[in-house]
1. Quick one: HIS32 ticks every box in (1) in contact with a Cys (Cβ under 6 Å, 6 or more places away or on another chain); (2) within 16 Å of the ligand (Cβ to nearest atom) bar one, so which box is it?
2. Out of all the residues in segment 121-140, which are of a type in the set (D, E, K, R) and within 16 Å of the ligand (Cβ to nearest atom)?
3. If CYS147 satisfies all but one of (1) touching a strand residue (DSSP E or B) at 6+ places or on another chain (Cβ under 7 Å); (2) closer than 22 Å to THR270 by Cα, what's the number of the condition it fails?
4. In segment 46-75, how many residues are more than 16 Å from the ligand (Cβ to nearest atom) and open to solvent by less than 60 Å² (accessible area, probe 1.4 Å)?
5. Can you name the residue in segment 79-91 that is more than 11 Å from ALA40 (Cβ to Cβ) and not aliphatic (A, V, I, L, M) and, of all such residues, is nearest to the chain's Cα centre (by Cα)?
6. When segment 8-34 is examined, which residues are found to be among the β-branched types (Val, Ile, Thr) and surrounded by fewer than 24 Cβ atoms within 10 Å (Cβ to Cβ)?
7. Between LEU195, LEU187, which is assigned to a helix (DSSP H, G or I), in contact with a helix residue (DSSP H, G or I) (Cβ under 7 Å, 6 or more places away or on another chain), touching a residue at least 60 places away in the same chain (Cβ under 8 Å) and open to solvent by less than 40 Å² (accessible area, probe 1.4 Å)?
8. In segment 114-126, which residues are closer than 14 Å to GLY158 by Cα and surrounded by fewer than 21 Cβ atoms within 10 Å (Cβ to Cβ)?
Amino acid sequence: MLFDSHCHIDAPEFDADRDDVLRSARSEGVSHIVVPAYVAERWPSLLALCQRQAHHNDWPCLLPALGLHPVYLSQHQDDDLQRLSAALKQSAVVAVGEIGLDKFLPELSQPVHWAKQVALFEAQLHLARDSNLPVIIHARRCHADICRALKRVGHRHGGIVHAFSGSVEEARQYRALGMHLGLGGPLTWPQAKRLHAVATQLPLDSFVLETDAPDLIPYGHSYVHGDGRARQPGERVRNSPAFLPSVLTVFAQLRGLPEAELAAQFFSNTVTALHLQARLNLM
Ligand SMILES: [Zn+2]
């Protein structure tokens, strides 16, 4: 059993063949998927998709997270935080996410937008704390800012720093704050030496697996389509939750450990990170 801790299977990229993608993920061993939100407008369809899974026993189990993503700052409405607060009380979400900070995109780093990002992130950390929920964090080039915010708010319910891209030292700082580190497609790139150091130097209970599909396609999958057709120059190839085993394979090679053992460890880590023992009847 594999747990994809981060997949935007509700995204429009999957509208044409979502059912097929979910079935192929399941047949590749992916039994559970966390579906994090990015804009409030899409929360109802995300929650409806996760509920529909109950009628499809050939799909993985879909677990929703709700939040306001920093990259979509300009799309968030003034009352979205109130809507989030209400939605967290009513829906069976597993985490507040995807929330966070982004200093990679120049426009978001301008002082006025940065201040908005920080305010939005901290407000959502407060909601998570008040709801006793873990968080799913998007963090690009601002790990120190994220750690400061987690400390300032006093977040104690853990969660996942998704698509972790920092150093060994930054990884250790997150672990000290009770956070797990999400590893996906970027780990599979041969040139990802810093990420390989993180994967080999931290204890195995630090990590969870993810795809972030439709983004962050693993190495090798980038050059052909699912049907074997070669990629044309400039053509974007969609990532899929069915590609999660590629991430596991690379991690197993880096650590020299059997894939089956690691799969069990990462599944258990995800259950711990998101407090899913009772929810998945694993007590
Ligand atoms: Zn994401």
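The values are calculated or read from the model by the stated rules, or taken from the named source; none is laboratory data. As the structure is a computational prediction, the values presented were derived from the model and not from experiment. Neighbour counts run over all protein chains shown; Cβ positions are idealised from the backbone, glycine included. For accessibility, only protein heavy atoms count, side chains too; no ligands or nucleic acids. Shrake-Rupley method; radii C 1.70, N 1.55, O 1.52, S 1.80 Å.
1. (2)
2. ARG140, the sole residue that qualifies.
3. (1)
4. Going through segment 46-75 one residue at a time, the tally reaches 7.
5. Only one residue tops the list, namely SER91.
6. VAL21
7. Being assigned to a helix (DSSP H, G or I), in contact with a helix residue (DSSP H, G or I) (Cβ under 7 Å, 6 or more places away or on another chain), touching a residue at least 60 places away in the same chain (Cβ under 8 Å) and open to solvent by less than 40 Å² (accessible area, probe 1.4 Å) holds for just one of LEU195, LEU187, which is LEU187.
8. HIS126, the sole residue that qualifies.
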